[in-house]
Ligand SMILES: Nc1ncnc2c1ncn2[C@@H]1O[C@H](COP(=O)(O)OP(=O)(O)OP(=O)(O)O)[C@@H](O)[C@H]1O
């Protein structure tokens, strides 16, 4: 029961073993920024909370895992650190049955796992492993990075089939590649952080390290066994050979396990009594991991492109100097472009007010000569316009340019212009005030809707949520896939998913929609979906209110600022007209205005900071909601497909016997949990037998409610259309039965 589960989870404990005792789990992301590689991997039996720890829970924002938290932290640091420029790239690899798959491949959501290009290992001469077919996506913001995580997780979920319980039997490696550089420097700091969600470990401990029994081989997660072998080899002193190459996972994590990396293992335990053996085995494994000593080094490298540019410049300088020293100056004439450049440089140099400004033309005598001649020309021109005219007009009292009458006339002209300017300024102010008033009136009329959110880019997201809150099942997976397969890696995954939902809206059949409504009503996760919708609405309302607070504070600050300006002008005018002293002294009115600005500023900051946090939370909740909806959609599709197949088989049988529509039900297999193996058994029973009676494990409210229609429905003979007709009749019956029960 839920209560038991909660109690069990509360008693879960995490054991963290560290390579370097000084470096805690919290410090790893920080070390990533300084250029060290890091790995955090979760190890434990199925259901002990590895995915919950690494990625996060599917229900609440507070349950978000290490990956979203690290992404939040890192992007915040990128912004804070003004001394460096950072770039981040993300890859997401899934290893299933020793094959690697790119979880960020856009084809992932449209194709079966087997049809996807496999990620393969390639080793260079320095034994560094490279992964072919694994895409790397740049993430320039936390939002983009979280979208990539969401996309990968969704792809992982979609690719899950009853035969492939991916979350339990596959390993996932989310890698964050960070590159930091000081502007102008040729040195780069490259580092990567692997966040690894390993497959369930239980089989390994049961098999033992010694050998794998042939009969059990297909059930055993070989790569975890090899991981254990590598760990043992690394923890034993004097072991020269470490068998990294045995599995893809150990090859990919080679650096993390015994190389240049700070590694933290999180051992997850399900501390129920019946799991005691698994728990002990996990602790032993953690103990061995703790013995491994890694030598992490700072990953600094020089960017070859920048070095080339620098070296080319240096070579040119040296060539010029050499030519100068050896007396072999270049003889060819400067071309038009060079002459133009020199002219601009000299003009800039002459006009530069800075006395220390220098003119850099390199050690090229041709250029130096040309610069001298340009400077000479400038000087002569200057003399001609000032000194020369002085010599020609030594008397200041004559009527030529510069005479007293001339100066007087110019003064009057300046005065006249000043008057014109002040008239224009006051007109401008009036106009501006008018525009502001009109703006305010307009805002009042439109109710200032969503202004705050709009300012922070929130509006679209929340509006998107509103639009999708009413949604219906897809006709088939193909529809969903085709509509969302346009994803190119950087688009919003949630947008593509919702588009998919919306696209099929117009194509729904009534029977299918009715069936979906019933299915959704009984679906166990529906409570979570509804809860999250409710929380999301609350957050949205809070964000809207905060947005308004931010806007109000902003306009109040602007108003107070203009009051201060006004006050200052008033005081200045008073000072000039009345010749009052002390205009420079502090003004209590202005002080008061300033204090009010400070007050508004702090409420603005507070609301804005909360809005930012809220934005992350809203996005996270939207992702959770999307995932839950996708899961519901997928479960419904499976159930529906099973129903249709069974009806088709039954109706064919009945038609052959000239019978009416059969009774029976497929049940609601997902009312307890998303039991995918029961889904597969439904499929097989549908194809192998005409019996449609619900099995004991499949009973549900829907299953119990089905009765024979009691009338013969004319069928078309087309199996697909007939199946749809039958499903419609059945869904309708279920609905009516449900309503009848409700009335009772
Ligand atoms: N600390 C926890 N608090 C609440 N729920 C938890 C906690 N840890 C795990 N769970 C829940 O337990 C279930 C199983 O957890 P999770 O999927 O993380 O296990 P896992 O070790 O990754 O399993 P698998 O090996 O199958 O992938 C999930 O429903 C998860 O939400």
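For the reader, a short list of remarks on this structure follows.
- Any hit, segment 647-667, residues being within 25 Å of residue 154 (Cβ to Cβ), buried (at least 20 other Cβ atoms within 10 Å of the Cβ) and at pLDDT below 80: no
- Of all the residues in segment 62-71, those that are within 16 Å of the ligand (Cβ to nearest atom) and crowded, with 20+ Cβ neighbours inside 10 Å number 5.
- The condition (being out of contact with any strand residue (DSSP E or B) (no Cβ under 9 Å at 6 or more places or on another chain), more than 16 Å from the ligand (Cβ to nearest atom), modelled with pLDDT under 60 and on the phi > 0 side of the Ramachandran plot) is satisfied by just one residue among 208, 184: 208.
- Identity of the residue in segment 189-204, buried (at least 19 other Cβ atoms within 10 Å of the Cβ) and in a strand (DSSP E or B), that ends up modelled with the lowest pLDDT: 189
- First in segment 47-61 and farther than 21 Å from residue 530 by Cα, second anywhere and near the ligand (Cβ under 6 Å from one of its atoms) and part of a helix (DSSP H, G or I), Cβ under 7 Å, 6 or more apart: 51/167
- Among residues of segment 342-357, those that are assigned to a helix (DSSP H, G or I) and surrounded by fewer than 14 Cβ atoms within 10 Å (Cβ to Cβ), counted: 4
- Answer from 360, 314, 332, 301 - the residue that is under 30 Å from residue 188 (Cβ atoms) and assigned to a loop (DSSP other than H, G, I, E, B): 360
- Residue in segment 97-117 that is within 16 Å of the ligand (Cβ to nearest atom) and either modelled with pLDDT of 80 or more or farther than 19 Å from residue 177 by Cα (or both) present: yes
Yes or no, residue by residue, for (1) at pLDDT 50 or above; (2) within 16 Å of the ligand (Cβ to nearest atom); (3) over 12 Å from residue 262 (Cβ atoms); (4) not in a strand (DSSP E or B):
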residue: 3; (1), (2), (3), (4): no, yes, yes, yes
residue: 9; (1), (2), (3), (4): no, yes, yes, yes
residue: 15; (1), (2), (3), (4): no, yes, yes, no
residue: 20; (1), (2), (3), (4): no, no, no, yes
residue: 28; (1), (2), (3), (4): yes, no, no, yes
residue: 31; (1), (2), (3), (4): yes, no, no, yes
residue: 40; (1), (2), (3), (4): yes, yes, no, no
residue: 46; (1), (2), (3), (4): yes, yes, yes, yes
residue: 51; (1), (2), (3), (4): yes, yes, yes, yes
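- Test for residue 586: is it assigned to a loop (DSSP other than H, G, I, E, B) and farther than 16 Å from residue 544 by Cα: yes
- Members of segment 76-93 that are farther than 14 Å from residue 181 by Cα and part of a strand (DSSP E or B): 89, 90, 91, 92, 93
- Selection from segment 108-150 of residues that are surrounded by fewer than 21 Cβ atoms within 10 Å (Cβ to Cβ), part of a loop (DSSP other than H, G, I, E, B) and under 21 Å from the mean Cα position of the chain (by Cα): 135, 136, 140, 141
The values are calculated or read from the model by the stated rules, or taken from the named source; none is laboratory data. All figures in this text were calculated on a predicted structure; none of them were measured in a lab. A quick note on method: Cβ atoms are made from the backbone with ideal geometry, for glycine too, and the neighbour counts reach across all protein chains shown.
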